[in-house]
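The values are calculated or read from the model by the stated rules, or taken from the named source; none is laboratory data. All values reported here derive from a predicted model rather than from experimental measurement. Virtual Cβ from ideal backbone geometry, glycine too; neighbours counted across all protein chains shown. Quick note on the areas: whole protein, heavy atoms, side chains included, nothing else; ligands and nucleic acids left out. Shrake-Rupley method; radii C 1.70, N 1.55, O 1.52, S 1.80 Å.
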Amino acid sequence: MLQFIRRLIQIFVIALLIIIPILSLYEILIENFRLPMVQGRGWQQIFDFVDSAMRHFTEDPVKIVKNIKGNIFWTITIYDFTLSDPLILVGHIFGSRAFYISLLVSALPFIIITILFGRVFCGWICPMDLLLELNNKIRRLLYKIGLRPYNIIFSRSHKYALLFVGSILTFLLGVQLFAFIYPPAIINREAVHYIYYGSVGMGVVAIAAIMLIEVSLSERLWCRYFCPGGGLYSVLGTGRLVTIVRDKNLCDDCADCNKACEFAFNPMRDKFGMECNNCGKCISVCEKKGLSFKFSLPWRRTKT
Ligand code: SF4
Ligand code: SF4
């Protein structure tokens with residue numbers, strides 16, 4: 001059930017990445033009286049469907065659609081509520097060398113969730129995680145059929161180094177560099193590009209390259225070792241209140257939890273660390289029900 005809910009949330013986020021640009025384009029087409037001129041049978045059907053669905057609820061769809069906006073920096077605005085990614089916030093602060101309270105407020109929901117639950121953005125929300133988890137199934141299938149892909153191990157500190165160096169360079173150059181290397185922002189940008197212009201850019205090549213490397217050379221390379229977003233979420237979630245605990249009386253050391261963990265932690269020996277994304281896969285595979293989420297204060301728990 002836990003994994004089903006997690007998948008639903010991930011799929012919902014990916015659906016939003018597709019629906020929001022379609023709605024924006026729909027608004028432009030309506031306002032310019034170009035809806036009947038849409039080229040391509042598939043696109044025609046999509047916009048006809050959007051139009052009839054919208055008109056089912058309102059006589060003035062543009063009025064609603066105008067209030068739902070995304071932008072290529074992976075930010076979403078619904079009416080007066082804006083939601084931003086903390087990494088993009090960091091990029092804006094360093095890139096513009098200015099501090100905008102409104103931007104901080106828009107990133108606060110993710111910051112608070114991370115302080116409470118740790119790196120859950122990665123396990124529950126990030127669209128790249130869903131792609132890479134599916135990709136990892138191919139890798140594990142290769143193992144099952146007897147092929148042995150490499151598994152090159154890097155230091156997990158690379159992601160913090162990338163976060164630090166990226167912030168400094170963003171400050172010096174005044175350019176939002178994270179948007180170029182941060183997968184959720186890349187996927188968002190490519191989706192917008194495809195829907196608006198019918199083509200994709202180098203971002204798709206970069207994502208495909210990461211997937212290929214992960215299948216053949218290093219399991220879950222990007223999220224484990226390099227993603228600056230994963231680094232930022234890990235730092236913010238260091239003292240998270242919700243962690244996973246193991247009941248030693250129920251655990252029979254079968255190591256199923258360790259095998260399930262794509263981030264290569266060691267739940268069987270209580271080694272979750274600050275980078276655990278609380279995805280709950282280890283909990284779900286434990287037949288003895290030996291693992292569970294627990295609310296506890298960081299200073300009252302034994303260090304893992
Ligand atoms: S580490 Fe980066 S790419 Fe991976 S899930 Fe987290 S934010 Fe997404
Ligand atoms: S330890 Fe468990 S919850 Fe944490 S990343 Fe691994 S499988 Fe997910």
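For the stretch 1-124, the residue among Phe49, Phe94, Ile18 whose Cα projects farthest onto the positive side of the dipole built from Cβ charges is Phe94. Cβ screening of the chain for cysteine pairs under 4.7 Å finds these without a partner: Cys122, Cys126, Cys223, Cys227, Cys251, Cys254, Cys261, Cys276, Cys279, Cys286. Given a cut-off of 29 Å, name the pairs among Lys144/Lys294; Lys69/Lys259; Lys248/Lys281; Lys66/Lys137 whose C-alpha atoms lie farther apart than that in the structure shown. Beyond 29 Å between Cα atoms: Lys144/Lys294; Lys69/Lys259; Lys66/Lys137.
Taking Cα atoms only, the orientation of helix 41-57 departs from the longest principal axis of the chain by about 90 degrees.
Note on Ala209 and Ser296: their simple-model spin labels are 4.3 nm apart, each label 7 Å out from Cα toward Cβ. Sparse packing (at most 11 other Cβ atoms within 10 Å of the Cβ) combined with a DSSP loop state is found for the following chymotrypsin sites (Phe, Trp or Tyr not before Pro) in the stretch 60-124: Tyr79, Phe99.
Between Asp253 and Asn136, residue separation times 0.36 nm minus the direct Cα-Cα distance comes to 39.7 nm. Would you mind classifying the stretch 1-147 by shape? Square roots of the alpha carbon gyration tensor eigenvalues, ordered a ≥ b ≥ c; an a/c under 1.5 is rounded, otherwise it is prolate if a/b is larger than b/c and oblate if not. Since a/c reaches 1.5 but b/c is at least a/b, the shape of the stretch 1-147 is classed as oblate. Axis angle, to the nearest 10 degrees, between helix 202-216 and the longest C-alpha principal axis of the chain: 20 degrees. Of Thr77, Thr170, the residue with the largest accessible area leads and the full order is Thr77, Thr170 (1.4 Å probe). The stretch 206-226 and the stretch 262-290 have their alpha-carbon centroids 21 Å apart. What does the helix-only formula give at 222 nm for the chain: each DSSP H stretch with n ≥ 4 adding -39500 (n - 2.57), the total divided by the residues, and the result rounded to the nearest 500 deg cm²/dmol? After summing the helix terms and dividing by residue count, I get -17500 deg cm²/dmol.
Under 12 Å from a label point set 7 Å out along the Cα-to-Cβ vector of Val245, the amide N atoms of the stretch 268-301 belong to 291-298, 300-301.
Scattering from the C-alpha atoms of the stretch 241-300 alone, worked out with Debye: what is log10 I(q)/I(0) at q = 0.12, 0.23, 0.26 1/Å? Calculated log10 I(q)/I(0) at the listed q: -0.24, -0.89, -1.13. On a per residue basis, the convex hull of the C-alpha atoms belonging to the stretch 152-265 measures out at 161 Å³.
Roughly how many whole Å is it from the C-alpha centroid of the stretch 149-179 to that of the stretch 51-113? The distance from the Cα centre of the stretch 149-179 to that of the stretch 51-113 comes to 25 Å.
Highest mean packing first, where packing is the average number of other Cβ atoms within 10 Å per residue, the peptides 279-287, 251-259, 151-159, 56-64 line up as 279-287, 251-259, 151-159, 56-64. Listed peptides 30-36, 103-109 appear in the order 103-109, 30-36 once ranked by packing, highest mean of other Cβ atoms within 10 Å at the front.
Ordering Val120, Val245, Val200 by accessible surface, largest first, gives Val200, Val245, Val120; the 1.4 Å probe counts only protein heavy atoms, with every chain in place. Placing dummy labels 7 Å off each Cα toward the beta-carbon, the span from Ser155 to Leu217 is 1.9 nm. For Phe164 and Arg269, the difference between the fully extended length at 0.36 nm per residue and the C-alpha to C-alpha distance is 34.7 nm.
Placing +1 on each Lys and Arg Cβ and -1 on each Asp and Glu Cβ, with no other charges, gives the stretch 61-164 a dipole about its Cα centre of roughly 420 debye.
Once the Cβ-Cβ distance of Lys289 and Tyr194 is raised to the sixth power relative to R0 = 25 Å, the FRET efficiency obtained is 0.05. Here the accessible area is traced with a 1.4 Å probe on the protein chains. For the chain, carbon and sulfur cover 70 percent of it. The C-alpha atoms of the chain define a longest principal axis, and helix 2-31 lies at about 20 degrees to it. Once R0 is set to 22 Å, what does the formula 1/(1 + (r/R0)^6) return for the Cβ-Cβ distance between Lys63 and Arg7, expressed as a FRET efficiency to the nearest 0.05? Approximately 0.05, to the nearest 0.05.
Per residue, the accessible area of the chain comes to 54 Å² when a 1.4 Å probe rolls over the protein heavy atoms.
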